[in-house]
Amino acid sequence: AVWIYFRDLVAPLWLTFWHLPDPRTGWTYPLVWAGLALTLASVWHALRSWRAADTRVVAIGWAWCLALLLPVLGLVGAREVAAVDRYLYQPLMGIMVVVGVTLLRWGATSSTTARTGRIILPLAAALGLVMLLWDLPQCSASRSSISRAKRVVRLYPDDPRGLEALAAGYEHARSHALPAADL
């Protein structure tokens with residue numbers, strides 16, 4: 001689950017309203033170890049940051065993220081009918097604290113703050129634009145239960161459970177008022 005959320009945060013190409021459960025999940029699966037490594041790296045960074053007074057906020061950001069994310073992952077996992085947005089809003093605030101403090105520290109240690117601003121602001125704008133373009137398919141499907149299910153089928157073409165989600169979407173559409181996109 002940690003790996004899936006990290007992947008969706010860094011490269012949100014596979015965002016969907018539902019992550020199909022991966023039947024390979026277990027201690028022999030490399031992505032489970034990748035998620036564990038990411039969790040341990042964040043804990044290590046938090047402990048390292050706690051030692052210096054000016055970076056303690058980084059530790060608070062990591063604690064914020066992990067304290068809000070890990071219990072939810074234990075209850076619902078990242079896959080079983082887990083809406084990506086619903087479970088990431090509050091943990092992402094902790095990540096933003098970590099990123100913000102790190103950027104502020106980097107700007108304070110560089111030779112000139114103006115030069116740092118000329119680097120960070122265009123980089124942040126470019127990343128925002130890339131994320132926006134990557135997320136357009138997810139956003140365009142958000143108001144339509146049928147479009148969301150079609151996206152699951154496109155992202156998991158060899159998994160029949162995606163087709164089950166699409167069939168459930170059509171069944172729902174038969175007895176409910178539909179948005180214009182679904183008509």
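Computed from the coordinates by the stated procedures, all read-outs in this text should not be read as laboratory data. Predicted, not measured: the structure shown is a model, and the values here were computed from it. Reconstructed Cβ throughout: ideal geometry from the backbone, glycine too, with neighbour counts over all protein chains shown.
Figures for the structure shown
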item: Summed side-chain charge close to residue 55 - residues other than residue 55 whose Cβ falls under 15 Å, Lys, Arg +1, Asp, Glu -1; result: +3
item: Per-selection Rg to Rh, region 139-183 - Cα, Kirkwood hydrodynamic radius; result: 0.98
item: Taking the convex hull of Cα positions in region 7-71, its mean projected area over all directions (nm²); result: 5.6
